[in-house]
Amino acid sequence: MDWCYEGVGWRSYATNGVPLYRKYNPYAQTETHNYTTSLAENDDLVSVGWRAEGVQLSQWRLSREQRALAD
């Protein structure tokens, strides 16, 4: 398979960012990954069979109010 470099997908903050959780759905044919900043959503999907792949990066910085809405 030939791969084509498409450039930088995104940048992240090394510290003080919001964790971005990634999961893999082993039963799906398409759209097999889910990304979320919500630990509750992450845990719900893992509980029904998605495979947790951990924190992929620390995403953008949010205010305290925005963090509360993300959880």
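Here are the numbers for the structure shown:
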read-out: Long-range neighbours under 8 Å by Cβ, at least six apart or interchain, first residue surrounded by 11 or more Cβ atoms within 10 Å (Cβ to Cβ) within the stretch 27-40, second assigned to a loop (DSSP other than H, G, I, E, B); value: 32/25; 32/26; 33/25; 34/25; 34/50; 38/71; 39/71
read-out: The stretch 27-71 - residue that is touching a Ser or Thr at 6+ places or on another chain (Cβ under 8 Å) and among the polar types (S, T, N, Q) and, of those, modelled with the highest pLDDT; value: 42
read-out: Scan of the stretch 1-26 for residues that are at pLDDT 75 or above, assigned to a loop (DSSP other than H, G, I, E, B) and either touching a strand residue (DSSP E or B) at 6+ places or on another chain (Cβ under 8 Å) or surrounded by 10 or more Cβ atoms within 10 Å (Cβ to Cβ) (or both), ordered by number; value: 25, 26
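The values are calculated or read from the model by the stated rules, or taken from the named source; none is laboratory data. Please read all numbers here as calculations on a predicted model, not as lab measurements. Every residue, glycine as well, gets a Cβ built from its backbone with ideal geometry; the counts of neighbours run over all protein chains shown.
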